[in-house]
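Engineer: Before I ask anything, let me first share the structure, which is written out below as structure tokens.
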Amino acid sequence: SVSLTMSGTKALTGREPATGDLFTVELYEGDNLLDSEQVAPGGSFAFTRYYTMADAGESFTYTVKELAGSLPGIDYDDAEYTFTVNVNLVGDELVVTSGTTGYTVGGSDGVFTLSGLNFTNDYAADPVSLTFSGTKELTGRALEPGEFTFELTGTDPAVTRTAANDGSGYFSFEPIEY
């Protein structure tokens, strides 16, 4: 028998990988799931298939894709790598070759490889907002709505906010989005 190992890498952009960040890559033949592997960002994965003399003259079409997960803020790579490999008898040896342009099968002596099946996920934090509020107290008389104006400032002039009190003294600034 001979083997074909199909491999690739997993990358994550936008943040450093966290403990527990695992992504699933799957190998299909047609609609049939043949194998799946969990891989961490910065890691690699590999699927190996074996062929015998009974497979000589046959072609096999595989698809490798990442299963979309549910980690917050992750935009999962929707790339799908679909390629055909041919198993041929050359002399008295089985040889695996690529039947798809752009995919190269290398190797000899019964051990063949196809690499470059790489996936990159992007991380973008979900936006959050922060609201500051408070209450103005005045002794000696009742507060008038809008009588006092408050300013919220920081190091970024674009986030300066103003607010005025209501009749009970409550005030709230517009949310700041991050």
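Engineer: In whole Hz, with x marking every Gly and Pro, tabulate ³J(HN,Hα) for region 88-98 from phi via Karplus 6.51 cos²θ - 1.76 cosθ + 1.60, θ = phi - 60°.
Structural biologist: 10, 9, 10, x, 10, 10, 7, 10, 9, 10, 7
Engineer: Based only on the alpha carbon positions, what is the Kirkwood hydrodynamic radius of the chain, in angstrom?
Structural biologist: 21.1
Engineer: Filter the chymotrypsin sites (Phe, Trp or Tyr not before Pro) in region 104-137 down to the DSSP loop ones having no more than 15 other Cβ atoms within 10 Å, then list what survives.
Structural biologist: Qualifying residues, ordered by number: PHE132.
Engineer: If you stretched the chain out fully between THR5 and VAL128, how much longer would it get, using 0.36 nm times the residue separation minus the C-alpha to C-alpha distance?
Structural biologist: Residue separation times 0.36 nm, minus the Cα-Cα distance, leaves 39.9 nm.
Engineer: Per residue, how much accessible area does the chain have with a 1.4 Å probe, in Å²?
Structural biologist: Heavy-atom SASA per residue in the chain reads 59 Å².
Engineer: On to the next question. Specify which residue in the list GLY14, THR52, GLY167 is farthest towards the positive end of the charge dipole of the chain, using unit charges on the beta carbon of Lys, Arg (+1) and Asp, Glu (-1), about the Cα centre.
Structural biologist: GLY167
Engineer: Given charges of +1 on the Cβ of Lys and Arg and -1 on the Cβ of Asp and Glu, with all other atoms neutral, how large is the dipole of region 14-74 about its Cα centre, in debye to the nearest 20?
Structural biologist: 180
Engineer: How large, in percent, is the carbon and sulfur part of the accessible surface of region 1-153 at a probe radius of 1.4 Å?
Structural biologist: Carbon and sulfur: 47 percent of the exposed surface of region 1-153.
Engineer: Now, a different point. Using the Cα centre as the reference, give the magnitude of the dipole from point charges on the C-beta atoms of the chain (Lys, Arg: +1; Asp, Glu: -1; all else neutral), rounded to the nearest 20 debye.
Structural biologist: Working: 7 positive and 27 negative charges, 68 e Å.
For this selection, approximately 320 debye.
Engineer: Do you know the relative contact order of region 16-108, to the nearest whole percent, from alpha carbon pairs under 8 angstrom that are 6+ apart? Intermediate values should be presented prior to the final figure.
Structural biologist: On the way: 152 pairs, mean separation 21.0, N = 93.
With pairs under 8 Å counted, the relative contact order is 23 percent.
Engineer: Then there is this: Sequence gap at least 6, Cα distance under 8 Å: using those rules, report the relative contact order of region 95-178 to the nearest whole percent. Could you put the intermediate results ahead of the total?
Structural biologist: Numbers: 108 pairs, mean separation 22.4, N = 84.
Rounded, it is 27 percent for region 95-178.
Engineer: Here is a follow-up. Could you please state, rounded to a whole Å, how far the C-alpha centre of region 1-63 is from the C-alpha centre of region 71-143?
Structural biologist: Between the Cα centre of region 1-63 and that of region 71-143, the gap is 13 Å.
Engineer: Of THR135, THR153, LEU94, whose Cα points farthest to the positive end of the dipole of region 84-155 (charges on the beta-carbon: +1 Lys, Arg; -1 Asp, Glu; origin at the Cα centre)?
Structural biologist: Value computed over the given set: THR135.
Engineer: Take the Cβ-Cβ distance between THR149 and THR19 as r, set R0 to 41 Å, and report the resulting FRET efficiency rounded to the nearest 0.05.
Structural biologist: So, using R0 = 41 Å, E works out to roughly 0.30.
Engineer: Run the dipole for region 71-163 about the Cα centre, Lys and Arg Cβ at +1, Asp and Glu Cβ at -1, nothing else charged, and hand back the magnitude in debye, nearest 20. Numbers along the way, then the final one.
Structural biologist: Details: 3 positive and 14 negative charges, 92 e Å.
Dipole of region 71-163, to the nearest 20 debye: 440 debye.
Engineer: Can you give the relative contact order of region 25-75 as a percent, counting alpha carbon pairs under 8 Å and 6+ residues apart?
Structural biologist: 45
Engineer: Same structure, new question: Taking 22 Å as R0, compute the FRET efficiency from the Cβ-Cβ separation of TYR76 and LEU34 and round it to 0.05.
Structural biologist: That pair, TYR76 with LEU34, gives E of 0.60.
The values are calculated or read from the model by the stated rules, or taken from the named source; none is laboratory data. Small disclaimer: the values here were computed from a predicted structure and weren't measured. Positions of Cβ are backbone-derived with ideal geometry, glycine not excepted, and every protein chain shown enters the neighbour counts. Heavy atoms of the whole protein, side chains included, go into the accessibility calculation; ligands, DNA and RNA do not. Shrake-Rupley method; radii C 1.70, N 1.55, O 1.52, S 1.80 Å.
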